[in-house]
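The values are calculated or read from the model by the stated rules, or taken from the named source; none is laboratory data. Since the model is a prediction, treat every value here as computed from it, not as a measurement. Cβ coordinates were reconstructed from backbone atoms using ideal geometry, including for glycine residues, and neighbour counts include every protein chain displayed. Heavy atoms of the whole protein, side chains included, go into the accessibility calculation; ligands, DNA and RNA do not. Shrake-Rupley method; radii C 1.70, N 1.55, O 1.52, S 1.80 Å.
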There are 2 protein chains.
Amino acid sequence: MTAPRNLLTDIPATLPQEQFETLLAGKRGFRVERIVSRGHASPPGYWYDQPQHEWVLLLSGQAELEYDAPAARQTLQPGDAVLIPAHRRHRVAATAADSDTVWLAIFHDAD
Amino acid sequence: MTAPRNLLTDIPATLPQEQFETLLAGKRGFRVERIVSRGHASPPGYWYDQPQHEWVLLLSGQAELEYDAPAARQTLQPGDAVLIPAHRRHRVAATAADSDTVWLAIFHDAD
């Protein structure tokens with residue numbers, strides 16, 4: 001049997017870039033990632049434009065998402081979950097500078 | 001655009017039974033649930049025996065899982081994630097009596 005793994009504490013000491021790690025992947029249509037940010041943000045002007053829906057849950061820290069066309073912003077606190085529909089252009093505008101921001105992201109096929 | 005929903009705070013005042021809620025479901029092969037427990041446990045002698053793998057992440061509270069054949073126990077703290085393979089008989093031995101235990105469970109097809 002596999003021992004539990006703690007997603008909040010098993011974090012590298014140094015984090016020059018955001019860390020993306022696949023936790024779980026189905027043969028078909030879905031993938032679960034942990035993402036760890038430490039003050040990171042998407043490059044200015046960079047937009048994610050993804051073929052799959054992304055459901056994200058903030059486990060720790062704080063983050064601000066920015067959306068394009070129509071422009072919008074969302075601040076996420078721990079426990080907040082939001083669905084980013086496929087091809088909804090978005091970026092990470094900011095993450096907490098002084099603590100680790102841990103995201104759980106579930107990518108899944110659009111209908 | 002949908003506003004974020006907080007999974008830790010959007011909890012019923014009274015909880016006579018555990019609350020199961022589907023947050024997300026793919027057309028094929030996976031389902032995401034939030035489960036809220038408040039001192040609840042599986043009935044004595046009752047075992048879950050599921051056709052799908054279940055990946056669980058404890059978001060708040062505390063829980064103890066019990067496994068059958070071979071017998072084992074696992075205590076889960078917030079942030080702990082564990083994969084319960086399909087048909088691995090298990091039950092919730094206990095959850096925190098004095099606080100809400102919030103689980104995120106991802107059920108997905110066995111290979």
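Based on the Cα gyration tensor of the protein assembly as shown, what are the three equivalent ellipsoid semi-axes, each the root of five times an eigenvalue, rounded to whole Å and given largest first?
31, 19, 17
Expressed as a whole percent, the accessible surface of the range B:19-109 that belongs to carbon and sulfur atoms is 52, based on a 1.4 Å probe.
Give me the inter-chain shielding for B:102-108: mean count of other chain Cβ atoms within 10 Å, whole number please.
On the way: counts 1, 0, 5, 0, 7, 0, 8.
Per residue, the average neighbour count from other chains is 3.
Label-point spacing for A:D68 across the identical copies (point 7 Å from Cα in the Cβ direction), in nm and ascending order: 5.4. Our coupling estimate for the range A:85-94, obtained by passing each phi through the Karplus curve with A = 6.51, B = -1.76, C = 1.60 and θ = phi - 60°, is x, 3, 6, 7, 5, 8, 8, 8, 6, 6 Hz, Gly and Pro reported as x.
Summing charges over all other residues whose Cβ lies under 10 Å from the Cβ of B:V56, with Lys and Arg as +1 and Asp and Glu as -1, gives -3.
Restricting the calculation to Cα atoms, every distinct pair contributes to the Kirkwood radius of the range B:37-98, found to be 11.9 Å. Once the 1.4 Å probe is applied to the protein heavy atoms, the range A:19-109 comes out at 42 Å² accessible per residue. Peptide A:71-79 has a mean of 3 when you count, residue by residue, the C-beta atoms of other protein chains within 10 Å of its C-beta.
Over all orientations, the range A:1-86 has a Cα convex hull whose mean projected area works out to 7.3 square nanometres.
The mean count of C-beta atoms from other chains within 10 Å of the C-beta of residues in B:21-27, rounded to a whole number, is 4.
For the pair B and A, how large is the buried accessible area, both sides, in square angstrom to the nearest 100, if the probe is 1.4 Å? Present the calculation step by step, with values, prior to reporting the outcome.
On the way: alone 6640 and 6640 Å², together 10590 Å².
Interface area, both chains combined: 2700 Å², rounded to the nearest 100.
Ranking B:Q77, B:A3, B:S37 by Cα position along the charge dipole of chain B, where only Lys, Arg, Asp and Glu carry charges on their C-beta atoms, puts B:A3 farthest toward the positive end. Ranked from shortest, the separations from the 7 Å Cα-to-Cβ label point of A:D98 to its equivalents in the other copies are 2.9 nm.
Across the copies of the chain, A:K27 has label points (7 Å from Cα along Cα→Cβ) spaced 1.8 nm apart, shortest distance listed first.
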